[in-house]
Amino acid sequence: MFKGIYLQDYTREFGYNLKLAYPVILSLVGHIIVQLVDNIMVGQLGPTELAAISLGNSYLLIALSIGLGFSTAITPLVAESHMANRPQVIKLIFSNGLIICFTLGILLCLSIYLAHPILYNMGQNPEVVELAIPYLKWVSISLIPAVTFQAFKQFSDGLSKTLPAMYATVISNGLNIVLNYFLIFGIWIFPKLGIEGAAIGTFIARSIMVLFMIFYMIDRKEIRRHLPGFTDWQFKPMIFKKLLSIGYPSALQMMCEFLFFISAIWLSGILGKLSQAANQIALNLSAVTYMFAMGIGVVATIRVGNYKGAKDFNGLKRIAYSIFLLIVLIDIVFLFVFLIGRHHLPWIYLDSNNLEEINEIKTVVYIASQLLLVSSIFQIFDGIQAVILGALRGLQDVKIPAWICFFAYGLIGFPVSYYFGMKTNFGAVGIWFGLLAGLIVSSILLYLRFRIRLNHMILGRL
């Protein structure tokens with residue numbers, strides 16, 4: 001498949017795919033940088049505080065995955081309608097999609113805010129829970145701007161305008177770093193709020209992102225002409241139902257995937273705060289590389305959606321396999337980065353000068369280095385499954401992939417994590433054996449699903 005002239009057919013698309021992808025990647029990495037900055041600064045306070053922010057974010061990510069999942073329905077529908085030159089439909093997709101995202105943001109905020117007492121009944125370290133509660137209360141409010149922002153981002157991505165979200169993220173990240181520094185450590189006139197200050201900074205930064213997107217899109221003529229006018233802000237059952245039909249399975253798929261990784265946080269928390277802190281470091285570093293895969297996956301959604309709208313299925317196949325090859329090459333690089341840097345990267349998060357807790361810190365670094373060894377192996381499988389999911393969304397095929405993810409993560413990955421993490425001496429490393437198993441199964445089954453779906457389309461069966 002990748003030989004001679006055929007290889008050139010795939011590689012010649014790399015330039016355009018990367019041009020389209022890099023703003024998306026920077027935007028997504030920006031979201032993780034917000035967490036990374038929180039983790040690094042909070043990590044200076046000690047392993048207990050780092051474990052607390054890990055536990056709080058585990059709840060936040062469950063809710064955020066639902067909002068992200070629903071918002072992804074906007075991109076393929078806009079991309080298909082844009083290629084088919086249906087501007088009025090684009091306006092209706094955006095207006096109904098924005099209503100869904102804003103409403104979801106409020107509901108998810110309330111659900112997380114009201115559910116925080118559950119933390120006391122999960123077998124977690126009581127000291128960690130006490131620190132996590134005030135952080136979770138504030139960070140839950142940030143779900144409203146975070147999910148609302150996704151509506152603007154997905155709409156812009158669907159028009160192949162991937163720069164606005166990148167600009168918004170860069171600005172908000174800079175603000176977040178400054179706010180974290182002042183609010184966590186109590187610099188200048190600001191009170192010392194610890195991890196609660198990190199949550200407040202995140203909320204303010206995410207709110208700025210939404211405001212930036214609104215003003216940017218109104219200011220740019222090429223985007224403004226696709227925005228709905230006053231008469232376009234109306235409930236359209238057909239559009240609303242279409243958004244939900246794609247968004248609901250996508251939300252379940254994302255929630256299943258996020259829960260799979262969040263289960264590692266909860267299981268490691270049962271092992272102890274040091275394992276939980278190490279797990280948070282490895283997860284955060286792995287999340288940074290995963291954002292590259294998600295960014296390439298967005299490109300897959302856009303370009304596959306474009307070719308689907310143009311009904312050019314042979315071109316669609318060429319583009320899809322070009323993107324699959326691209327993410328494999330990128331993740332091979334990350335594999336070596338984690339292999340080479342696994343003993344050094346964890347120190348980014350911890351204070352080597354903290355002599356009072358130096359033994360605990362060294363234990364955290366050792367465990368994290370072992371987890372990064374496993375993570376280096378699953379980089380390729382994680383990237384492949386993320387990009388194929390993006391391509392399947394471009395085909396508006398989301399129901400079967402959701403079931404595949406449930407099978408791979410819920411019925412294969414989690415039992416392996418539980419057994420090797422809780423019933424053997426592997427500890428936190430055993431938990432990550434399950435993550436690896438789930439990703440391998442998911443990537444293989446999703447690839448087979450894409451091939452079957454695409455072949456049916458080429459043969460005119462769909």
The range 360-390: number of residues that are at pLDDT below 90 and either under 16 Å from Ala51 (Cα atoms) or in contact with a Pro (Cβ under 8 Å, 6 or more places away or on another chain) (or both): 6
Which one of Ala165, Ala199 is within 20 Å of the chain's Cα centre (by Cα), hydrophobic (A, V, I, L, M, F, W, C) and modelled with pLDDT under 85? Ala199
Extreme residue, most open to solvent (accessible area, probe 1.4 Å), among residues of the range 338-362 that are within 22 Å of Phe261 (Cβ to Cβ) and in contact (Cβ under 8 Å) with a residue 40 or more places away in the chain: Ile348
Just checking, how many residues over the range 387-426 are in a loop (DSSP other than H, G, I, E, B), buried (at least 19 other Cβ atoms within 10 Å of the Cβ) and more than 20 Å from the chain's Cα centre (by Cα)? 1
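Somewhere in the range 167-188, is a residue under 24 Å from Met83 (Cα atoms) and not aliphatic (A, V, I, L, M)?
Initial filter on the range 167-188 (under 24 Å from Met83 (Cα atoms)): none.
No, because not a single residue in the range 167-188 is under 24 Å from Met83 (Cα atoms) and not aliphatic (A, V, I, L, M).
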Going through the range 163-199 in order, the residues found to be assigned to a loop (DSSP other than H, G, I, E, B) and in contact with a Phe, Trp or Tyr (Cβ under 8 Å, 6 or more places away or on another chain) are Ile187, Trp188, Phe190, Lys192
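Tell me yes or no: at least one residue of the range 369-376 is closer than 21 Å to Ser275 by Cα and open to solvent by 20 Å² or more (accessible area, probe 1.4 Å).
Just the residues of the range 369-376 that are closer than 21 Å to Ser275 by Cα, to begin with: 369-376.
Filter again for open to solvent by 20 Å² or more (accessible area, probe 1.4 Å), leaving 370, 373.
Yes, because at least one residue in the range 369-376 is closer than 21 Å to Ser275 by Cα and open to solvent by 20 Å² or more (accessible area, probe 1.4 Å).
Name the residues in the range 63-78 that are polar (S, T, N, Q) and open to solvent by 10 Å² or more (accessible area, probe 1.4 Å), would you?
Of the residues in the range 63-78, the ones polar (S, T, N, Q) are 65, 71-72, 75.
Hit for the range 63-78 is Thr72, nothing else.
Please state which one of Phe185, Phe258 is over 25 Å from Ala151 (Cα atoms) and touching a residue at least 12 places away in the same chain (Cβ under 8 Å).
Phe185
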Note down all Cβ pairs under 9 Å where the first residue falls in the range 67-96 and is free of Cβ contacts under 8 Å to residues at least 40 places away in the same chain, the second is acidic (Asp, Glu), and they're at least six residues apart or on different chains. Arg86/Glu80
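Go through the residues of the range 9-24 one by one and say whether even a single one is at pLDDT below 70, open to solvent by 40 Å² or more (accessible area, probe 1.4 Å) and not charged (D, E, K, R).
In the first step, residues of the range 9-24 are kept if they are at pLDDT below 70; the result is none.
Checked the range 9-24: no residue is at pLDDT below 70, open to solvent by 40 Å² or more (accessible area, probe 1.4 Å) and not charged (D, E, K, R).
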On the given criteria, is Tyr167 in contact (Cβ under 8 Å) with a residue 24 or more places away in the chain and within 17 Å of Tyr113 (Cα to Cα)? no
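The values are calculated or read from the model by the stated rules, or taken from the named source; none is laboratory data. Small disclaimer: the values here were computed from a predicted structure and weren't measured. Positions of Cβ are generated from backbone atoms using ideal geometry, with glycine treated the same way; all protein chains shown enter the neighbour counts. These area figures cover heavy atoms from the full protein model, side chains too; ligands, DNA and RNA do not enter into them. Shrake-Rupley method; radii C 1.70, N 1.55, O 1.52, S 1.80 Å.
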